[in-house]
Amino acid sequence: MVHFEVTGDSLGYLLRNIQVGISAEGGGTAVPQYPEEVLRETVNNALAHRDYSVDKQVVIAIRPGIHIAIRNPGRFRQNLIIEDGNAEIPVRRILPEAKPRNPKLADVLRVYRKWEGRGIGMATLVNLCLENRIDLPYYRTYTEEVCLHLRAGKLLDERMERLYESFSEYLATRMEGSRLTEEQMLVLAYLIKSEWANEQLGYTILLTPDNNHFTALGSLEKAGLISKHPLSTAAYPIYVADRVLVERGYVKELRALFGPAFDGLDEMAKGALGVACRHNHFCNVKPVSAKQAAFALWYERGSSQEGIKEFDTFYRKVRTTFNKIQKGGFVVKVEGTRGYVLREDFKKNHLL
């Protein structure tokens, strides 16, 4: 027998324990941090898709401002998984499953409007993500459990906006002078963040004919900003971002420019030079400020959930680092700006 108060109680628990903002519309309407429909459908799908042969409970954990983790007994069917962790570009993708593991239970839930069937669940998560209403959702797999992470925030967040800005010249060249549309930015962000999650053993939902944006994918592929992964098939193309956009350290380029002196630098200095390299080669505005570099390194290190005080401390360290590498002759400050550019003549002025 299904007790529907379980779904209601679970949803109530989530709504009571997530952060709630206030909208200026409607006289100060309360706005939950996550869309209510995604919370409702995720709880319902935990019932419709769970493996009741596994003697474990569904566990819901909340990290305020970071994510909701819903740990569900069972495993993904093998035919729904596309995975190669040893590939040059590691891939861990899940095909959206519309067919419930427990069809009889799903029929009962449908009668009571608790489960809608096709298009609900994974496809809905992707759609809400591409509407910029949630950040990229991902799964973690365990021996007898699957854990869905619903992440707070937006897909096209400050990190992605700053990343696109640092590649502004490169993107304009690829797009033949046109700017990326919001839809293109969202789809590209989904693919870039999917790759980051896959590297950290997270499984992300594959864009399929049921949930992807064909126009954006086609134009991005034509511009060379995305391409198909070698694991792609005709039925299930797996798109990955242009390798230029996901490069982080630029170690090869910096070693060629600075020689052995680069290897003697600490990790903070190497990171700062990497950000400077990206701006100098791919941005419309070549000089990079210490604050721009601090934001880039802050996000790369996964520190975005920490507070303003922690960022200010980090920023001071980055600013000190730029003073050091300027004194060492690795960068030069551009007159009239707060930005730095790499010293392309480093080898001429140093004995290596």
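Here are a few things to note about the model shown:
- Within the stretch 158-200, the set of residues being in contact (Cβ under 8 Å) with a residue 24 or more places away in the chain and either outside any helix (DSSP H, G or I) or among the β-branched types (Val, Ile, Thr) (or both) comprises Phe167, Met175, Glu176, Thr181, Val187, Ile192.
- One residue from Lys327, Lys333, Lys317 being in contact with a Phe, Trp or Tyr (Cβ under 7 Å, 6 or more places away or on another chain), at pLDDT 95 or above and surrounded by fewer than 17 Cβ atoms within 10 Å (Cβ to Cβ): Lys333
- Top-ranked residue in the stretch 219-242 [being among the hydrophobic types (A, V, I, L, M, F, W, C) and closer than 23 Å to Gly177 by Cα; ranked as surrounded by the fewest Cβ atoms within 10 Å (Cβ to Cβ)]: Ala223
- Subset of the stretch 319-351 that is without any contact (Cβ under 8 Å) to a residue 12 or more places away in the chain and in a helix (DSSP H, G or I) - its residue that is nearest to Phe258 (Cα to Cα): Lys348
- Within the stretch 216-242, tally of residues that are touching a residue at least 40 places away in the same chain (Cβ under 8 Å) and more than 15 Å from Val187 (Cβ to Cβ): 4
- Here the condition is being within 22 Å of Tyr170 (Cβ to Cβ), modelled with pLDDT under 95 and surrounded by 21 or more Cβ atoms within 10 Å (Cβ to Cβ); of Ala216, Ala272, it holds for Ala216 alone.
The values are calculated or read from the model by the stated rules, or taken from the named source; none is laboratory data. Only a predicted model underlies this, so the values are computations on that prediction, with no experimental measurement involved. Quick reminder, even Gly has a Cβ in these numbers, built from the backbone with ideal geometry, and neighbours come from all protein chains shown.
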